[in-house]
1. For region 197-288, what's the relative contact order in percent, using C-alpha pairs closer than 8 Å and at least 6 residues apart?
2. First measure r as the distance between the Cβ atoms of SER30 and LEU182, then evaluate 1/(1 + (r/R0)^6) with R0 = 35 Å and state the FRET efficiency to the nearest 0.05.
3. Out of TRP218, ALA53, ALA18, whose Cα points farthest toward the positive end of the dipole of the chain (charges: +1 Lys, Arg; -1 Asp, Glu; placed on Cβ)?
4. Can you give the log10 of the normalised intensity I(q)/I(0) at q = 0.13, 0.15, 0.32 Å⁻¹, computed with Debye over equal Cα scatterers of region 31-76?
5. With springs only between Cα atoms under 10 Å, which of GLY206, GLY97, GLY121 fluctuates most in a Gaussian network model of the chain?
6. Restricting to bridges with both residues inside region 1-135, how much of the DSSP beta-bridge set is antiparallel, in percent to the nearest 5?
7. For VAL123, what residues show an amide H to amide H distance below 5 Å, using hydrogens built from the backbone and excluding near sequence neighbours?
8. Note down the magnitude of the dipole of the chain about its Cα centre, charges +1 on Lys and Arg C-beta and -1 on Asp and Glu C-beta and zero elsewhere, to the nearest 20 debye.
Amino acid sequence: MQWDGGLHMAPRILVAGAGLMGSSLAKCLSTRGVAVYVYNRTVEKARALCSEAGCRVLENLDSMPGFDATVVFLFDDQAVSGFIEALVDKGLTAEAGVLMVSSTISPETSTRLHGLVTRAGGVYVEAPVYGSTGEASSCSLVSMLAGDQVARSRAEEAASLYSRRTYWVGGVPQAMALKLALNNIGLALPGLLAESLALLEAYGVGSDVFRMVAGDLWFGSMVERYMERAMAAAGRPRFTVSGAAKDYRVIACTLAGKGYPPLVSQGLAGFYTLAASVMPGEDYPRAVNAYRVLKNPRPP
């Protein structure tokens with residue numbers, strides 16, 4: 001492919017983070033004729049990934065070559081801030097190319113990092129995605145982009161390599177706000193399902209009856225989808241319980257910071273935090289099971 005906005009005929013992209021999403025993205029990009037590099041704080045993890053995916057390991061930031069884009073898939077605000085602040089401190093924002101933050105972080109942190117990178121002469125774009133490891137591996141994510149207008153074409157070209165659809169949302173931090181709003185809905189059902197199953201159990205109603213009746217209602221397909229994932233044997237997660245807990249804490253804090261009472265998101269943050277205490281790395285729908293195990297029934 002011809003790369004119009006960068007330095008190379010074949011784009012050179014750095015993936016920062018070798019977790020679930022970063023590793024899946026690296027595998028996708030490796031099938032697209034991209035020169036893929038992976039940076040991870042634990043170098044051994046990046047080496048293991050690249051031995052499988054055919055990418056290259058960036059051992060340390062000091063040896064950083066020039067990239068057309070850097071896609072950041074780190075766990076939380078602190079990890080993203082640490083990585084970007086290190087780039088700025090080392091004067092490497094130009095080498096990073098378009099710095100695309102795909103981690104779900106708070107709008108406040110994103111705004112601060114945008115200012116930091118821009119003042120250092122770099123290009124910062126919010127690039128959160130919807131979809132999980134399957135969509136990342138198959139290059140079929142939905143990307144939401146926000147940043148300065150001058151960066152739009154370069155960011156859209158980079159995102160098109162791994163996205164089935166790309167939306168330009170506006171300026172920072174509008175894409176992060178949109179991602180939090182979508183996650184607030186998309187991650188809610190396991191919490192609701194956990195309490196619904198508790199009601200059934202408390203009164204001796206079979207879950208098979210529940211699923212049958214729900215199947216006649218508009219939300220039946222969602223109930224069935226999450227029931228299947230909740231009851232499946234533990235395997236490689238698409239999105240972890242710990243990640244859901246983190247996202248809801250960010251949603252609750254963001255709402256509170258803007259003067260809105262985080263009534264629902266705070267409750268769901270508590271639900272996932274409780275589940276994460278016993279199954280932090282499992283697929284987030286399985287939090288339904290942790291809720292039932294950790295129940296504290298009152299005496300009759």
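The values are calculated or read from the model by the stated rules, or taken from the named source; none is laboratory data. Remember, predicted model here, so these are calculated numbers, not experimental data. FYI the Cβ positions are ideal-geometry reconstructions off the backbone, even for glycines, and counts take in every protein chain you see. Just the protein is used for accessible areas: all its heavy atoms, side chains included, with ligands, DNA and RNA removed. Shrake-Rupley method; radii C 1.70, N 1.55, O 1.52, S 1.80 Å.
1. Working: 92 pairs, mean separation 31.2, N = 92.
Taking the mean separation of contacting Cα pairs over the length of region 197-288, I get 34 percent.
2. 0.80
3. Selected residue: TRP218.
4. The calculated log intensity ratios at q = 0.13, 0.15, 0.32 Å⁻¹ are -0.29, -0.39, -1.36.
5. Most flexible of the set in this elastic network: GLY206.
6. Working: 0 of 19 bridges.
Counting only bridges with both partners in region 1-135, antiparallel ones make up about 0 percent.
7. Amide H neighbours of VAL123: LEU99.
8. Values: 27 positive and 26 negative charges, 49 e Å.
With Lys and Arg at +1 and Asp and Glu at -1, about 240 debye.
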